[in-house]
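The values are calculated or read from the model by the stated rules, or taken from the named source; none is laboratory data. These numbers come from a predicted model, not from an experiment. Positions of Cβ are backbone-derived with ideal geometry, glycine not excepted, and every protein chain shown enters the neighbour counts.
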Amino acid sequence: MTAALQVEGLNRAFGALPVTRDVNLTLERGARRALIGPNGAGKTTLVNLITGALKPNSGRVLLNGEDITTLSQAARARRGLARTFQINQLFRGLTVLENLCMTIGERDGNCNNMWRSAGAKRSVIDEAIDHLESLQLVDDALKLVRELPYGRQRLVEIAIALAQKPRVLLLDEPAAGVPSSESHLILDVVAALDPDIAVLIIEHDMDVVFRFAREITVLVQGAVLTHGTPAEIMNNAQVRDVYLGQDSHRGGQHG
Amino acid sequence: MDTTSRERARERAAEYLLRRHRFRPAEALPWLIAIAVYFIFPDRMTFGSQVLIMVMFALSLDLILGYAGIVTLGHAAFFGIGAYTVGLAAARLHWNEPISGLFAAAIMAGLVGFITGWFLLRYRGLTLLMLTLATAIMLQETGNLRSDISGGYDGLPGLTFDPLLGKFDYDLYGHTYYLYVLAVLAVVFYFVRRIVYSPFGQALTGIRENVRRMHAIGSPVHRRLVTVYTIAAAIAGVAGALFTQTNAYVTLTVFDFDNSAKVMVMLILGGTGRLYGAFLGAVVYMVLEDYFSKLSPTFWQFGIGLMLVLAVLFARRGVLGLFESAGQYFSERKKS
């Protein structure tokens, strides 16, 4: 079976500074992978390379066996690669509902239509509400995104990614900046994701990582240090040195 | 959540999105006023036509600036292309039929919009501002270079056009042309309104609000921008064509930076991304310009400048935005 996502020998440098060094990574269908590493390890850069926000200097990215290295971000998204951003990237001046309808519209090509009213297609609205329901956002559907508290905005960020019906989902610190009293909701959502979707999560909170991930990849200075099951990673002396040893073993700080 | 309240949430959501698309009674107001002006100021119809033409020009800019968030200082390029399409057709090719002239102008301006947009819309912000400005200047200079064809800055004077629909002839007071321009504006407005509230229009708003997110959800951003830029160019071209037809002459000044800047000022003054901002802005600007220039032929621009300063200080979202804020304020006071 072809892997959902395959990264082969990916390299990227900013000027003389290599930020991604010969990274290989494979996500099987339904994978639950965590990507960890100290600050500045190049985790977000790697996500940007995979989604096409950045172009690699060398190496390949394959989505369901198809080489997508030269494709634009949008073309990759249309093939089922979705992401959330570490810092919210939402349509702040629009309602939550419109944020979702727009995503569904672009996914299905409805947005090519210039003549029909945006609200005329009931199936789009129904689906948008379905997604909002699963994230307990229905009551906020008609509120502007910028009027929501940050924690709820983070949920909208995830709702948009889910509305893309992705086959591979990259979550860049989904609970970052959310007070711990609200972060459990986000983590519950992440835990309850469709088992068919391959998920890669970047997270600093080791509790979350060990609870969620079945496999962990450790990135240090742009290169993969090691990868393995949570138990293997926890007992890996090298990892403890460079990463876990830095702060206390449990409950590392959010980025 | 039980099923009935669930259903209600869905109904509310659908209603919310559909409601914006429906015509509101207040929307009839600008049109009623435009018709009333025809009867109240029969001797000001030439000026009235110019105002309506600027409304159409500002409306085309609203599509790209107000909805898609494209900043341009070269929108006069398309107005000029449209103006010269009918001007040259009438002067050099003896193509004097006005309505087919509008279509020709739309096609020519749209074509130039498509080609320049395809290249320029990879850029944003200041870079785009400079490039659009340069495009308009280049077109103007091309016209100047071939003044044997374009007539240069002396223009193409004394153009004649066939009677409208073969029946209604041009009259000295511009009555026919006022109604003609108003009818064309109504048709154009209907198209623009449909586009703005369509899923495509929503996607444009998305590009304005957050282009990074649009890329991430798979939107073909460049294609969307080029599409709307082409449409806006075509509409600006129609406005330019009407300008030539109503004035019966055209000179290269239609490409002026002044013209690009003026239409942007009008739109911002009226309110961007609101459809009727174009109406209000163009009317307020043109009427004040007319008034001030009669008041003081030398210093009239001072009045315009002062008005702009006041708008920037007190009405950031334009005059229409000011009305909206006032409406909100009073409805909230009523509630409490």
Task: Lone qualifier among A:Val189, A:Val208, A:Val218, A:Val156 - being assigned to a strand (DSSP E or B) and touching a Leu at 6+ places or on another chain (Cβ under 9 Å) - done: A:Val218
Open item on the list: Going residue by residue through region A:100-115, is there one that turns out to be over 22 Å from B:Arg208 (Cβ atoms), of a type in the set (Phe, Trp, Tyr) and not assigned by TED's automatic domain parsing to the domain that holds A:Gly37?
Closed with: no
TODO: Find the helices (runs of 4 or more DSSP H) located wholly in region B:242-336 whose residues include 3 or more that are within 26 Å of B:Ala186 (Cβ to Cβ) and in contact (Cβ under 8 Å) with a residue 12 or more places away in the chain, and list them.
DONE: B:257-270, B:277-295, B:318-335
Task: Residue tally, condition surrounded by 17 or more Cβ atoms within 10 Å (Cβ to Cβ), in contact (Cβ under 8 Å) with a residue 40 or more places away in the chain and more than 8 Å from every other protein chain (Cβ to nearest Cβ), over region A:56-77 - done: 6
Open item on the list: Among the residues of region A:34-54, what is the count of those that are under 27 Å from B:Ser219 (Cα atoms) and in contact with a Leu (Cβ under 8 Å, 6 or more places away or on another chain)?
Closed with: 10
Task: Every residue from region B:191-220 that is more than 7 Å from chain A (Cβ to nearest Cβ) and among the aliphatic types (A, V, I, L, M) - done: B:Val192, B:Val196, B:Leu204, B:Ile207, B:Val211, B:Met214
Task: Failed criterion for A:Asp194 (all others in (1) part of a loop (DSSP other than H, G, I, E, B); (2) within 12 Å of chain B (Cβ to nearest Cβ); (3) out of contact with any Phe, Trp or Tyr (no Cβ under 8 Å at 6 or more places or on another chain); (4) on the phi < 0 side of the Ramachandran plot hold) - done: (2)
Task: Scan of region B:11-37 for residues that are more than 14 Å from every other protein chain (Cβ to nearest Cβ) and either of a type in the set (Val, Ile, Thr) or touching a strand residue (DSSP E or B) at 6+ places or on another chain (Cβ under 9 Å) (or both), ordered by number - done: B:Ile33, B:Ile35, B:Val37
Task: Of all residues in region A:119-130 being more than 7 Å from chain B (Cβ to nearest Cβ) and crowded, with 19+ Cβ neighbours inside 10 Å, the one that is farthest from A:Asn64 (Cα to Cα) - done: A:Lys121
TODO: Sort out which residues of region A:149-172 are modelled with pLDDT of 90 or more and in contact with a Gly (Cβ under 9 Å, 6 or more places away or on another chain), and write them in order of number.
DONE: A:Arg154, A:Gln164, A:Lys165, A:Pro166, A:Arg167, A:Val168
TODO: For region A:210-223, enumerate the residues that are among the β-branched types (Val, Ile, Thr) and touching a Ser or Thr at 6+ places or on another chain (Cβ under 6 Å).
DONE: A:Val218
Open item on the list: Would you confirm whether or not region A:43-53 contains a residue that is surrounded by fewer than 16 Cβ atoms within 10 Å (Cβ to Cβ) and either modelled with pLDDT under 95 or within 14 Å of chain B (Cβ to nearest Cβ) (or both)?
Closed with: no
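Can you tell me which residues in region A:49-77 are among the polar types (S, T, N, Q) and under 26 Å from A:Pro230 (Cβ atoms)?
A:Thr51
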Task: Top-ranked residue in region A:131-149 [being at the interface with another protein chain (Cβ under 10 Å from one of its Cβ atoms) and in a loop (DSSP other than H, G, I, E, B); ranked as farthest from A:Asp188 (Cα to Cα)] - done: A:Leu142
Task: Of all residues in region A:78-118 being small (Gly, Ala, Ser) and crowded, with 24+ Cβ neighbours inside 10 Å, the one that is farthest from the other protein chains (Cβ to nearest Cβ) - done: A:Ala82
- [ ] Inspect region B:69-88 for any residue being within 30 Å of A:Leu100 (Cα to Cα), touching a residue at least 24 places away in the same chain (Cβ under 8 Å), surrounded by 17 or more Cβ atoms within 10 Å (Cβ to Cβ) and within 14 Å of another protein chain (Cβ to nearest Cβ) and give the result as yes or no.
- [x] yes
TODO: Take B:Leu59 and decide whether it is surrounded by fewer than 16 Cβ atoms within 10 Å (Cβ to Cβ), part of a helix (DSSP H, G or I) and modelled with pLDDT of 90 or more.
DONE: no
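Output the helices (runs of 4 or more DSSP H) that fall wholly within region B:108-221 and possess 2 or more residues being in contact with a strand residue (DSSP E or B) (Cβ under 8 Å, 6 or more places away or on another chain), or say none.
Ranges flagged: B:175-196.
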Open item on the list: I'd like the full set of residues that are more than 14 Å from every other protein chain (Cβ to nearest Cβ) and free of Cβ contacts under 8 Å to residues at least 60 places away in the same chain, limited to region B:171-190.
Closed with: B:Asp171, B:Leu172, B:Thr176, B:Ala183, B:Val187
Open item on the list: Tell me yes or no: at least one residue of region A:80-102 is among the β-branched types (Val, Ile, Thr), over 12 Å from A:Glu157 (Cα atoms) and touching a residue at least 24 places away in the same chain (Cβ under 8 Å).
Closed with: yes
Task: Residue in region A:25-40 that is surrounded by the fewest Cβ atoms within 10 Å (Cβ to Cβ), counting only those that are of a type outside the set (S, T, N, Q) and assigned to a loop (DSSP other than H, G, I, E, B) - done: A:Gly40
Task: Residue list for region B:1-49, restricted to those being basic (Lys, Arg) and either under 30 Å from A:Leu100 (Cα atoms) or touching an Asp or Glu at 6+ places or on another chain (Cβ under 6 Å) (or both) - done: B:Arg6, B:Arg8, B:Arg10, B:Arg12, B:Arg19, B:Arg20, B:Arg22, B:Arg24
